Amino acid sequence: MTYSARAPGARSCGVWSLEGEGPRRYPASMIEMTERQRKARPYIRAWLWFAAFLVFIMVIVGGATRLTDSGLSITEWQPLLGAIPPLTEADWLAAFEKYKLIPEYSLVNQGMSLEEFKFIYWWEWAHRFLGRFIGLVMIVPFLFFWATHRIEPRLTPRLVTLILLGGLQGALGWYMVKSGLVERVDVSQYRLAAHLTLATVILGAIVWTALGVGGAPRHPPQDRRGWAAFGLAALILLQVAAGGFVAGLDAGMGYNTWPLMDGQWMPKGLLIMQPVWRNFFENAMTVQFDHRLIAYIVALCAALYVWRVQSRAAYAVFIAVLLQVGLGIWTLLAQVPLHLGLSHQGGAMVVFASAIWVMHEALSRQAAVRLQPVTI
Ligand code: HEM
């Protein structure tokens, strides 16, 4: 089938479309593009890969902010003005005074010097500043491409969604920080896991969109391979969320043995809290146990997938998972030193991005369509 309706703005520069035997019909307005949009594809792709790289760095800086206990140093949220750090000694003292009002200062950092405060402040500031920068990197080129009609129709809603997800992530970040400003000396593990998981989803969505620029439209899984790829990516995302709970509870600071935990395969006390569901989110032992267990299941699934599919993407995810499991064990045995904690966190992003690649590849077989010019 050929879709030949003229796209808005096609004018005399020609219209391109997707043709083929895909199981699903796509409305012509969704898949046609002008010559100008086709030529813009490499730039849009490069822009998205750059954004994905920045999100990856953002996750590492976020991890460093957490592991250096810097996350609560800025006690207010000013989306625009907050980009300017304290500039004078008086500004620094004012920021420090605000920090002294929260429990983390009085219970953990009592007597901290201004220099020590500056160290933790800069980490949190860098994390937020990078977030703002990513916002600009997403919005400014988008507006340019959009205003000059360089974005093909089916891409526009995706890019807008990515930008909205970025905004949501900023708000979620503040919601997380807020949980550590009263009564507690650290942030809620629920909110931390949500913040990390959304960051991972955003990274995956950017990678997915970048891989899709110029390719055939994908649609939900319809065969076994499609479902297997989808299931693997979902399982890895679950493992990332579980890792967020391990991090949020500092659960990597205990049971630092492997393969046994507390001298046993299944340690006693996994379900000690009441009601039982709380153990999965609030009991450091259970949370670490689950993270180990899911890791083994992920490794097994990735091995089965590569055995059946044997594609480059399948090998990539399998190798990434194996390295990540090794790194996780090392991080645990060493009681989470900064460099290993960060490598493990970054490794998780690589694993998930590879799973997105696997999914993109698996779903492409189902939409056997290709790009070709349309005669009008
Ligand atoms: C597919 C495999 C794995 C993935 C995708 C994964 C992912 C993650 C993620 C996303 C975090 C949160 C990082 C943070 O917020 O700082 C985390 C934390 C952690 N993981 Fe894993 N993990 C995997 C396997 C393992 C294994 C096998 C172990 C050990 C047996 C392990 C031990 C840890 C520890 C100790 C932490 C806490 C680190 C910290 O406090 O910063 N992980 N993991």
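Within region 68-87, work out how many residues are surrounded by fewer than 14 Cβ atoms within 10 Å (Cβ to Cβ) and over 27 Å from Val108 (Cβ atoms). Steps first, please.
From region 68-87, those surrounded by fewer than 14 Cβ atoms within 10 Å (Cβ to Cβ) are 76, 78, 80-81, 83-84, 87; that's our starting set.
Cutting the leftovers down to over 27 Å from Val108 (Cβ atoms) gives us 80-81, 83-84, 87.
Qualifying residue count, region 68-87: 5.
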Q) Mind checking whether some residue in region 60-71 is among the charged types (D, E, K, R) and either free of Cβ contacts under 8 Å to residues at least 40 places away in the same chain or touching a Lys or Arg at 6+ places or on another chain (Cβ under 7 Å) (or both)? A) no
Q.
For region 43-97, which positions are touching a Gly at 6+ places or on another chain (Cβ under 8 Å) and outside any helix (DSSP H, G or I)?
A. Gly71, Leu72, Ile74, Glu76, Pro79
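Quick check: anything in region 225-233 more than 8 Å from the ligand (Cβ to nearest atom) and charged (D, E, K, R)?
Going through region 225-233, the residues more than 8 Å from the ligand (Cβ to nearest atom) turn out to be 225-233.
Going one step further and asking which of them are charged (D, E, K, R), we end up with 225.
Yes, that holds for at least one residue.
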Q: Given the conditions (1) more than 10 Å from the ligand (Cβ to nearest atom); (2) more than 15 Å from Gln324 (Cα to Cα); (3) surrounded by fewer than 18 Cβ atoms within 10 Å (Cβ to Cβ), report the number of the one that Ala303 does not fulfil.
A: (2)
(Q) Given the condition under 30 Å from Val309 (Cα atoms) and outside any loop (DSSP other than H, G, I, E, B), answer yes or no: does some residue in region 155-163 qualify? (A) yes
Q: Could you please find all residues in region 166-206 being under 10 Å from the mean Cα position of the chain (by Cα) and among the hydrophobic types (A, V, I, L, M, F, W, C)?
A: Leu196, Leu198, Ala199, Val201, Ile202, Leu203, Ala205, Ile206
Q) What's the number of the condition Gln222 fails, among (1) within 22 Å of Trp49 (Cβ to Cβ); (2) in the same structural domain as Gly244 (by TED's automatic domain parsing); (3) not small (Gly, Ala, Ser)? A) (1)
(Q) Just checking, does region 195-203 include any residue being of a type outside the set (A, V, I, L, M) and surrounded by fewer than 17 Cβ atoms within 10 Å (Cβ to Cβ)? (A) no
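When region 320-351 is examined, which residues are found to be at positive phi and in contact with a Gly (Cβ under 6 Å, 6 or more places away or on another chain)? Explain how you work it out, then say what you get.
At the first step, the residues of region 320-351 found to be at positive phi are 335-336.
Residue satisfying the conditions is Val336 alone.
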Q) Is it the case that region 209-216 has a residue that's within 12 Å of the ligand (Cβ to nearest atom), surrounded by fewer than 23 Cβ atoms within 10 Å (Cβ to Cβ) and outside any helix (DSSP H, G or I)? A) no
Q | region 306-351: number of residues that are part of a helix (DSSP H, G or I), within 7 Å of the ligand (Cβ to nearest atom), of a type outside the set (Gly, Ala, Ser) and in contact with a helix residue (DSSP H, G or I) (Cβ under 7 Å, 6 or more places away or on another chain) | A | 8
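The values are calculated or read from the model by the stated rules, or taken from the named source; none is laboratory data. Every value quoted in this text rests on a predicted model; they were computed, and no experiment measured them. In this analysis, Cβ positions are derived from the backbone assuming ideal geometry, glycine residues included, and neighbour counts consider all displayed protein chains.
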